[in-house]
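Peer 1: I am attaching a structure below and will ask some questions about it afterwards.
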Amino acid sequence: MSMLNYHHFPIYSIMVLFFGAFLIAAIGGRDIAKNRKTTGVRAFIPLLATAASLAFLIALIKPVMLGGEVIAYWMGSRGISNGYAIGIALEVDALSLFFALLIATALFVSAVYSIKYMEHDDNIGQYYILYCMLGGGVLGLVLSGDIFNMFIMVEILTFAAVALTAFRTKVYGALEAAFKYLVVGCMGSTLILTGVIMLYAQYHTLNLAQLAALIPGTMNNATKLAFALLYIGFSTKAFIVPFHPLAADAHGAAPASISVLISGVLTKSGIYGIIRLTYFLFQTMELGAMQFMLVFVGSVSMFVCVTMALAQHDFKRLLAFHSISQIGYVLAAVGLSTALGISAGLYHAMNHTLFKGLLFLAAGAVLHETGTTDLGKLGGLSKKMPHTTVLFLIGAFSISGVPPFNGFASKWMIYQATYQKAVETGNIGFLLVTIIALITSVLTLASFVKVSQSVFFGQLPAEYENVKEVPFGMRLAMGILAVLCVITGLVPQLVTRYLTEPAARAVFRVGDYISSMGFASQTPAPAVSFAQVGVWEPISWLLILCIALLAVTIVAVAGKYDRVSVRSSETVDTKYQLFYGGEDNFHSQVGGGDLFWGFKHNWRHYFSFMHDLHSGIVNDYALWAVVALALSIVFVMIVL
Amino acid sequence: MITFNYICSFFLIVLGFYTIVTKYNLVKTVIGMSVMDYGVNLLIISVGYHPGGTAPIFTQGELTAASSFVDPIPQALTLTSIVIGACVTAMSMALVIKLEESYGTLDTREIRRLRG
Amino acid sequence: MTSILLNALQYLGYILIFPGFLFCFVCGMLLCGIDRKLVARMQKRVGPPILQPFYDFFKLCGKETIIPDAASRTTFLAAPLVGLAALVVIQLFVPIHGFSAFYGMADVIVILYLLLIPALASILGAAASGSPYAGIGLSREMVTIISCELPLVLILLAIAKTVGNALGTGLCFSLSAIADYQLVHGSLITKARMIPAAIAMLLVIPGETGNHPFDAAEAETEICEGMLAEYSGGPLAVFKLSHAVKMLTLTSLFVALFLGGVGTGITAVDGVVVFILCVIVTAVSISFVHAVTARLKIEQIFKYYWTVVSGLALVSLVLAWYGL
């Protein structure tokens, strides 16, 4: 095979990142302040590595997404011997590639952002080493065809993510967050390893495809236990309830460029693990109880986290809770086990990476310029940082599902999918999911109104008079994501046709996944339908809105809409001051803390209960993990 | 005999969980994580056990149909797992030291600035 | 070539004249005037002339626009315009009898979300003004939106299920399909199971438009018009117009959802019929409620919508679900 044969591209895309990490380490040097030259090189290597990685993956779209090929790649040319996979394999189907593309995009954008954002930090070399390791780990996880390698990659990415969370050790709570994440993350990794070993003990293979060929129909108590362990293990990586406090801590404390990865990339790897586990390895999604489990956990995550977010007063911590809330949407949609549901869930996963990345970067921009993310202290930044404000608003509209941005396109598919499922099965529970999803969406909007009011609008505190717009490099990174948010919202048909539907179809073609690795498969691919009941044509709508807006604006401008009388600069004209009912003009910003009092007052018992529950003590979180494990073991033993 | 290994390994894993959940000292938490790891390592090694098996090391021509040896793959896996466990312990101890420096305590009940 | 041009002209006519801007402007303002007159008569006052909203609008347009120094100029000025344009676009999607200007482009869930855009525009405009009164106002407005969202969602799902059952597809989100269904089967309000939903929708309308007693967000006696505290001149006129158009949009949405099937098939006549129905709906849901109640506190609004109104809507949804 030639070096440029696309079958090699998956391994290239992983190795280029690990090699980048090695190269940065090889350049060495700790003290950056004295050695400005190598800083540039160090920032350039991850940029190049992530760009190359992304390019390799994009080159795979044609054969895998459009051609429907499943790339099976044996490393070191050791394949199958006596019917058993003895080599280590990569296996790339449309699902893997879909997740890999999201991850590589987030990595690249975050690398662009890091150049300026991390400029003033010490030990920048170590940051980039860990950055590349993290990227390589996640890509390795989603492209791997070997379950033990999945575990190794999980460990690499957990390790790198913990270290990066604590990277700015002086940040309030960074060490604490890293430690909590490490403890519970480590429990999760251990559970994954135990599950892997129990599967190995039963089937004497670690190859995903071979396991998928062997497990269905031969399940015993040990494999069921392994399922529960793996499920909880991957849940800790996706941070779904009850692991959401860790996400909040870690996202909040990490540098913004890393929060993007934790939220856009690590959570995806958990979701990917759960999909592989339930749809491929055990093929249990035909069971109503299994669908119930995923949809239930998804809906609870979606609702609990959005209410937790409403109670937050730190910009990044609020975003972190929203992140898990959106992951709840993804999980609930994927758990429906219908073609439309999976397609919608994956679409939302993609959008989540884009808009959440954008929002975290905007939060980082605010932190970079003002030094705080406390919603109570900020205000009025839109006059000082107009571009960041616009970019933030695009992200906020996207996540709140305001048409025509991408969040709406995917949420709208999720509503249809859940309602359709409810009608098809006659189960009123799925209807409840539709309602919860719709309410969560408006609560999301509410908390972003809170952020816009308390950070970007309102009055500017005196100490931020000299705040400037962030450097171009950071705006560029945000701009890329903002453009992607708009595009993926405007052409939902193209996104579903070329990205999410091939990936969703791959989920139903377990047989192809198994047979392309060289194992016999019994499962025929079912016919899938992506038919939707609703209609939404964003481009036409936008066109009409633009015409309407143009008409209004022309009339308004012709009618001297913004006529402002000439002001003399000498005298102070009180009519341009804010209205205080005759009192003197003073600084009075309505902050984020209690903005939605009317709502929270009715739910005060719930909110104070939730506040007490998230105690911040690592033992409690560990206990939640153990309880979740116990529950899932019992549940799995009963239903499987 | 091997059943005892299995019981022991799960006992160790559960003991690790128990330690993490109930002990309020950061160092004890780290010990709990290590105990959990040892349990898993024991499990892996036991899975590869073969009654009467020898070490899976053979030179060319030595390997016959009659040779009985333990499964080599779990041994390789254990090595990996031990290395990872050591790294995790090192990292968590580093974090513990840093935490002690900035919070002045090792009690998890007092290290809870991030909550709610 | 000429046909494309003619088509474009036709659509431009839809957007600018009927059922777009001109229709919205005239009918919305008239609706607003009728509402004020009705409330006054119910309270035994004489009330302003029915054309008063027009006079107010043109007077405000002639006034100077003051932009406070603390405000973010662009957002402050753009917000009212975006809100108005978005409202007019929603009106284009609401079918009038059998006629809809833009067929098959948006369904009820989309309408639910499109309704957020005008509210969001006014919220952002208020936030951009920098006034603390506006800050409190937008907080209340957002809570009112949250309050109305749950009953509205339940109502729309109930309708989707009812129409879907009749069409045999199980569920139906399309507005035109709902209109067509009513053409054949008669208005939805004649179905016993939809009556609670219709009552709930009548109660949601004043909340969505921000009318008394659900106008905590604009309480002029306590927070100085809240979100509009800093607005003056042209932008304020546009906001007043938006409010009027919103009344028209929501009442005509009610007509399309519950009172469909009443009409002649001649679009111009149907426009008048729909407007008359809108006036009736306004009289019942906005004017009457306004005349007999006092303003609610914001936490009461929330509680009321999530218990009483949602309860009513839920009854309909459950009945529709089990096909009773």
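The values are calculated or read from the model by the stated rules, or taken from the named source; none is laboratory data. These figures come from a predicted structure and were not determined experimentally. When we count neighbours, we look across all protein chains shown, and the Cβ atoms used for this are built from the backbone with ideal geometry, even at glycine.
Peer 1: If B:ILE45 satisfies all but one of (1) within 12 Å of chain A (Cβ to nearest Cβ); (2) more than 21 Å from A:ALA163 (Cα to Cα); (3) of a type in the set (A, V, I, L, M); (4) free of Cβ contacts under 8 Å to residues at least 12 places away in the same chain, what's the number of the condition it fails?
Peer 2: (4)
Peer 1: Here's a follow-up. If I go through the stretch A:459-489 residue by residue, how many of them are in contact with a Pro (Cβ under 9 Å, 6 or more places away or on another chain) and over 14 Å from A:PRO386 (Cα atoms)? So that I can check it myself, show each step before the final result.
Peer 2: Looking only at the stretch A:459-489, we keep the residues that are in contact with a Pro (Cβ under 9 Å, 6 or more places away or on another chain), and these are A:459, A:469, A:486, A:489.
Checking the rest, the ones that are also over 14 Å from A:PRO386 (Cα atoms) come to A:459, A:486, A:489.
Of the residues in that region, 3 qualify.
Peer 1: Also, quick follow-up: Of a type in the set (Gly, Ala, Ser) and touching a Gly at 6+ places or on another chain (Cβ under 9 Å): does that describe B:GLY32?
Peer 2: For B:GLY32, the condition - of a type in the set (Gly, Ala, Ser) and touching a Gly at 6+ places or on another chain (Cβ under 9 Å) - is met.
Peer 1: Okay, moving on. Would you call C:ILE123 facing chain A (nearest Cβ under 7 Å), aliphatic (A, V, I, L, M) and in a helix (DSSP H, G or I)?
Peer 2: It is true that C:ILE123 is facing chain A (nearest Cβ under 7 Å), aliphatic (A, V, I, L, M) and in a helix (DSSP H, G or I).
Peer 1: Also, quick follow-up: Do we find that C:ALA166 is of a type outside the set (Val, Ile, Thr), buried (at least 24 other Cβ atoms within 10 Å of the Cβ) and more than 9 Å from chain A (Cβ to nearest Cβ) in this structure?
Peer 2: Details: of a type outside the set (Val, Ile, Thr): yes; buried (at least 24 other Cβ atoms within 10 Å of the Cβ): no; more than 9 Å from chain A (Cβ to nearest Cβ): yes.
Criteria not met by C:ALA166.
Peer 1: Can you report the number of residues in the stretch C:210-238 which are at pLDDT 80 or above, surrounded by fewer than 24 Cβ atoms within 10 Å (Cβ to Cβ) and in a helix (DSSP H, G or I)?
Peer 2: Final tally of qualifying residues: 1.
Peer 1: Still on this model: Looking at the structure I just gave you, is A:LEU287 more than 17 Å from the chain's Cα centre (by Cα), at pLDDT below 85 and at negative phi?
Peer 2: Yes: the conditions hold for A:LEU287.
Peer 1: With (1) assigned to a helix (DSSP H, G or I); (2) facing another protein chain (nearest Cβ under 9 Å); (3) under 30 Å from C:ILE146 (Cβ atoms); (4) of a type in the set (A, V, I, L, M) as the list, and C:ILE90 as the residue in question, which single condition is left unmet?
Peer 2: (2)
Peer 1: From the set of residues in the stretch A:70-92 that are β-branched (Val, Ile, Thr) and under 18 Å from A:MET150 (Cβ atoms), which is modelled with the highest pLDDT? Give the steps one after another, and end with the answer.
Peer 2: Keep residues of the stretch A:70-92 that are β-branched (Val, Ile, Thr), which gives A:70-71, A:80, A:86, A:88, A:92.
Imposing the further condition that a residue be under 18 Å from A:MET150 (Cβ atoms) reduces the set to A:70-71, A:86, A:88, A:92.
Details: A:VAL70: 86, A:ILE71: 87, A:ILE86: 80, A:ILE88: 86, A:VAL92: 90.
Filtering the stretch A:70-92 for residues that are β-branched (Val, Ile, Thr) and under 18 Å from A:MET150 (Cβ atoms), the one modelled with the highest pLDDT comes out as A:VAL92.
Table: residues versus (1) over 18 Å from the mean Cα position of the chain (by Cα); (2) without any contact (Cβ under 8 Å) to a residue 40 or more places away in the chain.
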residue	(1), (2)
C:THR267	yes, no
C:SER285	no, no
C:ALA291	yes, no
C:VAL318	yes, yes
C:TRP321	yes, no
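Peer 1: Any idea which of (1) surrounded by 24 or more Cβ atoms within 10 Å (Cβ to Cβ); (2) within 11 Å of chain B (Cβ to nearest Cβ); (3) at pLDDT below 90 is the one A:VAL196 doesn't satisfy?
Peer 2: A:VAL196 satisfies every listed condition except (3).
Peer 1: Can I ask one more? If you check every pair at least six apart or on different chains, which have Cβ atoms under 6 Å apart with a residue in the stretch C:224-236 that is within 11 Å of chain A (Cβ to nearest Cβ) and on the phi > 0 side of the Ramachandran plot first and a residue that is surrounded by fewer than 24 Cβ atoms within 10 Å (Cβ to Cβ) and not charged (D, E, K, R) second?
Peer 2: Final answer for the pair search is C:GLY233/C:THR65.
Peer 1: For residues in the stretch C:103-120 being more than 7 Å from chain A (Cβ to nearest Cβ) and farther than 22 Å from C:GLU230 by Cα, which is surrounded by the most Cβ atoms within 10 Å (Cβ to Cβ)?
Peer 2: Ranking the qualifying residues of the stretch C:103-120, first place goes to C:VAL108.
Peer 1: In the stretch A:450-491, which residue that is of a type in the set (Val, Ile, Thr) and assigned to a helix (DSSP H, G or I) is surrounded by the most Cβ atoms within 10 Å (Cβ to Cβ)?
Peer 2: A:VAL455
Peer 1: Would you pick out the residues in the stretch B:6-22 that are surrounded by fewer than 17 Cβ atoms within 10 Å (Cβ to Cβ) and within 12 Å of chain A (Cβ to nearest Cβ)?
Peer 2: Those that are surrounded by fewer than 17 Cβ atoms within 10 Å (Cβ to Cβ) and within 12 Å of chain A (Cβ to nearest Cβ): B:TYR6, B:PHE10, B:VAL14, B:TYR18, B:THR22.
Peer 1: Within the set of pairs 6 or more residues apart or between chains, which connect a residue that is away from chain C (no Cβ under 12 Å) inside the stretch A:446-466 to a residue that is of a type in the set (S, T, N, Q) with Cβ atoms less than 6 Å apart?
Peer 2: A:TYR464/A:THR370
Peer 1: If you don't mind, another one. Output the number of the condition that A:THR338 fails; it satisfies all remaining conditions of (1) at pLDDT 90 or above; (2) over 30 Å from A:ASP121 (Cα atoms); (3) β-branched (Val, Ile, Thr).
Peer 2: The one condition A:THR338 does not meet is (1).
Peer 1: If you don't mind, another one. Would a scan of the stretch C:246-257 turn up a residue that is surrounded by fewer than 18 Cβ atoms within 10 Å (Cβ to Cβ) and of a type in the set (Lys, Arg)?
Peer 2: Checked against the condition, which is being surrounded by fewer than 18 Cβ atoms within 10 Å (Cβ to Cβ) and of a type in the set (Lys, Arg), the stretch C:246-257 yields no hits at all.
Peer 1: If C:SER139 passes every condition in (1) of a type in the set (S, T, N, Q); (2) touching an Asp or Glu at 6+ places or on another chain (Cβ under 7 Å); (3) within 7 Å of chain A (Cβ to nearest Cβ) but one, which one does it miss?
Peer 2: The number of the failed condition is (2).
Peer 1: Let me ask something else. Could you check, for the stretch C:43-63, whether at least one of its residues is within 11 Å of chain A (Cβ to nearest Cβ), modelled with pLDDT under 80 and out of contact with any helix residue (DSSP H, G or I) (no Cβ under 6 Å at 6 or more places or on another chain)?
Peer 2: Looking through the stretch C:43-63, at least one residue is within 11 Å of chain A (Cβ to nearest Cβ), modelled with pLDDT under 80 and out of contact with any helix residue (DSSP H, G or I) (no Cβ under 6 Å at 6 or more places or on another chain).
Peer 1: For the stretch A:393-423, which positions are facing chain C (nearest Cβ under 10 Å), more than 14 Å from A:ALA332 (Cα to Cα) and of a type in the set (Phe, Trp, Tyr)?
Peer 2: A:PHE397, A:PHE408
Peer 1: Do we find that A:LEU23 is modelled with pLDDT of 85 or more, in a helix (DSSP H, G or I), over 27 Å from the mean Cα position of the chain (by Cα) and buried (at least 18 other Cβ atoms within 10 Å of the Cβ) in this structure?
Peer 2: Here the answer is yes, as A:LEU23 does meet what is asked.
Peer 1: Only one of C:ILE50, C:ILE96 is in contact (Cβ under 8 Å) with a residue 12 or more places away in the chain and within 30 Å of C:THR293 (Cα to Cα). Can you tell me which?
Peer 2: Unique residue meeting the criteria: C:ILE50.
Peer 1: Still on this structure, please answer the following. For the stretch C:204-216, state whether one or more residues are away from every other protein chain (no Cβ under 14 Å) and of a type in the set (A, V, I, L, M).
Peer 2: The answer is yes; a qualifying residue exists.
Peer 1: Further question on the same structure: Given the conditions (1) in contact (Cβ under 8 Å) with a residue 40 or more places away in the chain; (2) more than 7 Å from every other protein chain (Cβ to nearest Cβ); (3) surrounded by fewer than 24 Cβ atoms within 10 Å (Cβ to Cβ), and given that A:TYR172 satisfies all but one, which numbered condition is not satisfied?
Peer 2: For A:TYR172, the exception is condition (2).
Peer 1: Now for a separate question. What's the number of the condition A:THR353 fails, among (1) modelled with pLDDT of 90 or more; (2) of a type outside the set (A, V, I, L, M, F, W, C); (3) outside any helix (DSSP H, G or I)?
Peer 2: (3)
Peer 1: Identify the residue in the stretch C:22-53 that is small (Gly, Ala, Ser) and under 20 Å from the mean Cα position of the chain (by Cα) and, among all such residues, is nearest to C:HIS243 (Cα to Cα).
Peer 2: C:GLY28
Peer 1: Okay, next question. Filter the stretch B:66-84 for residues that are at the interface with chain A (Cβ under 9 Å from one of its Cβ atoms) and over 26 Å from B:GLY52 (Cβ atoms); which is surrounded by the most Cβ atoms within 10 Å (Cβ to Cβ)?
Peer 2: B:ILE84
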